[in-house]
């Protein structure tokens, strides 16, 4: 389907997840960004979703291997034949 | 830290451990998110580490060990481990509305503040996010883990899971809504949403 010249709010919203996931091609990304530059409502929604997603990513990555798990793992590895 | 009760590592073990150890925190995080609990995550991480050790001869020195090891970890999860331990656990779940947290934040009055997402996130600790992710059905938790923790693209996730890209896309989009709703439920249950809302200056 050919791309429109510009997107309205609904068309932008339909692409918001893919945009957040960096999965839009360059042409569609540009259309979304052009709409966001002119629409405060969509920009507020986008900023909120992007910030929440980044916050979730950061929290899910904030993890350390427990010391006792590390000890057991290294013990099994060192006793394993090549 | 030295593993107690284990022999000192020989040179080949040392080479392997020097590459493995820096990747272990992130690998643990991925194993934990994929399996949903610490006991299963430890089993998966041990399986993957032993497989990697046995296959270390095929690792090309100088290439990306972390990527190589994570492929082994996720392959192990999807090709063997998940089938044995998690067969038949798919559950139907009612869909969650779009912009779930945005709407809830509006009801809390956070949208009047300069940074509504920051206000909301400041109430959500790591444990709350972990609990919300663990509450998702397997197929949604898995794609969310690969996308949010490992930062893989739709295509890379599809390759890892042997499913169509369109399925990844729809699971991830729906999974994000379900995660937002689960997060709100966890936050409510734990009383994390109580307390003053900052005013328009961002001060409570």
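The values are calculated or read from the model by the stated rules, or taken from the named source; none is laboratory data. All of these numbers come straight from a predicted model, not from anything done at the bench. Note that each Cβ is placed from the backbone with ideal geometry, even for glycine, and that neighbours are counted across all protein chains shown.
Some values worked out for this structure:
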{"quantity": "Wholly within the stretch B:1-66, helices (runs of 4 or more DSSP H) carrying at least 3 residues that are at pLDDT 90 or above and within 27 Å of residue B:130 (Cβ to Cβ)", "calculated": "B:24-35, B:38-54"}
{"quantity": "Within the stretch B:107-139, tally of residues that are part of a helix (DSSP H, G or I) and either outside the structural domain of residue B:179 (by TED's automatic domain parsing) or closer than 24 Å to residue B:25 by Cβ (or both)", "calculated": "11"}
{"quantity": "Matching helices (runs of 4 or more DSSP H) fully within chain A where at least 3 residues are within 11 Å of chain B (Cβ to nearest Cβ) and farther than 28 Å from residue B:121 by Cβ", "calculated": "A:67-79"}
{"quantity": "Only one of B:50, B:20 that is outside the structural domain of residue B:153 (by TED's automatic domain parsing), surrounded by 19 or more Cβ atoms within 10 Å (Cβ to Cβ) and farther than 24 Å from residue A:56 by Cβ", "calculated": "B:20"}
{"quantity": "Hits in the stretch B:31-51 - residues which are at negative phi, touching a helix residue (DSSP H, G or I) at 6+ places or on another chain (Cβ under 7 Å) and more than 9 Å from chain A (Cβ to nearest Cβ)", "calculated": "B:31, B:34, B:35, B:40, B:44, B:47, B:48, B:51"}
{"quantity": "Residue check for residue B:143: within 15 Å of residue A:59 (Cβ to Cβ), in contact (Cβ under 8 Å) with a residue 24 or more places away in the chain and not in a loop (DSSP other than H, G, I, E, B)", "calculated": "no"}
{"quantity": "Count - residues of the stretch A:59-71 that are at pLDDT 95 or above and under 20 Å from the mean Cα position of the chain (by Cα)", "calculated": "0"}
{"quantity": "Criterion violated by residue A:74 - all others in (1) within 30 Å of residue B:28 (Cβ to Cβ); (2) at pLDDT 95 or above satisfied", "calculated": "(2)"}
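Quick grid of which residues meet (1) within 8 Å of another protein chain (Cβ to nearest Cβ); (2) within 20 Å of residue A:17 (Cα to Cα):
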position	(1), (2)
B:94	no, yes
B:102	yes, yes
B:113	no, no
B:127	no, no
B:134	no, no
B:150	no, yes
B:161	no, no
